[in-house]
1. Name the residues in the range 327-353 that are among the β-branched types (Val, Ile, Thr), assigned to a helix (DSSP H, G or I) and closer than 13 Å to Pro317 by Cα, would you?
2. So in the range 143-166, with the set limited to residues that are out of contact with any Ser or Thr (no Cβ under 8 Å at 6 or more places or on another chain) and surrounded by 15 or more Cβ atoms within 10 Å (Cβ to Cβ), which one is modelled with the highest pLDDT?
3. Under 7 Å between Cβ atoms, which residue pairs at least 6 apart in sequence (or on different chains) link something in the range 361-372 that is assigned by TED's automatic domain parsing to the domain that holds Trp266 with a partner that is outside any helix (DSSP H, G or I) and crowded, with 19+ Cβ neighbours inside 10 Å?
4. Of everything in the range 354-385, what is exposed (fewer than 13 other Cβ atoms within 10 Å of the Cβ), over 38 Å from the mean Cα position of the chain (by Cα) and part of a helix (DSSP H, G or I)? Give them in sequence order.
5. Of Thr115, Thr110, which residue is without any contact (Cβ under 8 Å) to a residue 24 or more places away in the chain, within 11 Å of Ile60 (Cβ to Cβ) and in the same structural domain as Gln70 (by TED's automatic domain parsing)?
6. Please go through (1) among the aromatic types (Phe, Trp, Tyr); (2) modelled with pLDDT under 85; (3) under 25 Å from Ile260 (Cβ atoms) for Tyr372 and return the number of the only condition it doesn't satisfy.
7. If you check Leu321, Leu304, which single one turns out to be surrounded by fewer than 21 Cβ atoms within 10 Å (Cβ to Cβ) and touching a helix residue (DSSP H, G or I) at 6+ places or on another chain (Cβ under 9 Å)?
Amino acid sequence: MPDSGWSEGTRLVAGRSLSEGLHSRTVRITTLILLLVGLAVVFVPRMLSGDEPTYTLATIGEASASVQAQLDAAGEAAGFGVAYLPVADTAAVEAAVREGDATVGLAEETMFVRTDAPGAFPVLVAQAVVAQESVGKLREAGLTPEQIAEVSSVAPPTQVEVGPVQDEGRAAVGFIVGIVLYMAIMFSGNTIAMNVGVEKSTRIAEVLLAVLRPSQILVGNVVGIGVQTLAQLLVLAVPILAAITVTDGLDLPAVAAGDILLGVAWFVLGFLMYAFLFAAAAALVDKVTEVGSAIMPVTTVLVLAYLGAVIMVQQDPGSALSVALSMFPLTSPMAMPIRWSSGSVPEWQLVLSMLLAVGAAVLLAWFGSSVYRRALVITGRRLKLREVLPERT
């Protein structure tokens, strides 16, 4: 076939693979589920969050102005509301707490707390009472209002959060991206392997070889399945990206949107590395029932890469092993998105990791194509890999 027709033949095979996928009930159901998952990620948190929590303080008479001021300020900073319930006496305060009308009750020197009360609110009430009593004692000791204000204005130590990640929300997004990439690469790889196995076992490949080159059949299958899977990932990602960047509907930093887009790029690199390996392994079979065992070595490598990413990298993104997993091409598509979302990865490591993945994708595409080209034309028995390895020159 003339070289000018190579792209046309590849496009025909890719269109055929894509058309079969679009007409597949499984693919349609999977795409619908992904769309529902993407919408659920956006809307379910809103439905569950509701209004801010409100805690009630029961007191004998009106709560003092200083206690109210401190609790209101703490509630505004922490995102909760405070209601005040004045009652007649100590017994009424205790009854209000016991019956659930109040979260905490104050009666002279006694504080009543419900057993299911959040631990932080009783502490805040106690601190407000202590601060009020301290001001009273300072006043009795003869300090002027200015001196009392100076004593009360002592600031607590500056709080600096430290840990393996800079933002827990962003890290959670990176963790989910790593899992989704693993599932997408595994699913698309198995689909390619099954297509190759069916084409060879049913002799469809022999018909195609009469008018097309092996490379056209292989690249067409890879491109068709790749476009289909990429479209499904975008169906999942677009609602989430819109919620983060447009409507601000998720409590996530804007940089998380970039992490998701970077995950799409990592899918392309990871898919190109593994797709040709899945196809080459499946080309060794003679029966479609042998596809599962034929692709087992490739599947094992992918599973180990996934486990290393979600266990090692997620627990300690800065460890030497995590760095190695995020740089090694066969593990970087799952490991680097998780590590990158920790916020502590130098940009040069990301660039180097992607360049290594590109180089590996080119090398593995050449290797897989060579094996596929030799194995596709040999039928009647299952082949061993050494029989179809590229010849050394």
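1. Taking the range 327-353 and keeping what is among the β-branched types (Val, Ile, Thr), we get 331, 338, 345, 351.
Subsequent filtering for residues that are assigned to a helix (DSSP H, G or I) retains 338, 351.
Matches in the range 327-353: Ile338 only.
2. Filtering the range 143-166 for residues that are out of contact with any Ser or Thr (no Cβ under 8 Å at 6 or more places or on another chain) and surrounded by 15 or more Cβ atoms within 10 Å (Cβ to Cβ), the one modelled with the highest pLDDT comes out as Leu143.
3. Val371/Ala283; Val371/Val388; Tyr372/Ala283
4. none
5. Working: Thr115 fails: within 11 Å of Ile60 (Cβ to Cβ).
After applying the criteria, what remains is Thr110.
6. (3)
7. Details: Leu304 fails: touching a helix residue (DSSP H, G or I) at 6+ places or on another chain (Cβ under 9 Å).
Within the list Leu321, Leu304, the selection yields Leu321.
So that you can scan it fast, the table gives a plain yes or no per residue for (1) closer than 16 Å to Ala69 by Cβ; (2) assigned to a strand (DSSP E or B); (3) modelled with pLDDT of 85 or more:
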position: Tyr84; (1), (2), (3): yes, yes, yes
position: Asp101; (1), (2), (3): no, no, yes
position: Pro118; (1), (2), (3): no, no, no
position: Leu124; (1), (2), (3): yes, no, no
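The values are calculated or read from the model by the stated rules, or taken from the named source; none is laboratory data. All of these numbers come straight from a predicted model, not from anything done at the bench. Ideal geometry is used to build each Cβ from the backbone, glycine not excepted, and the neighbour counts take in all protein chains shown.
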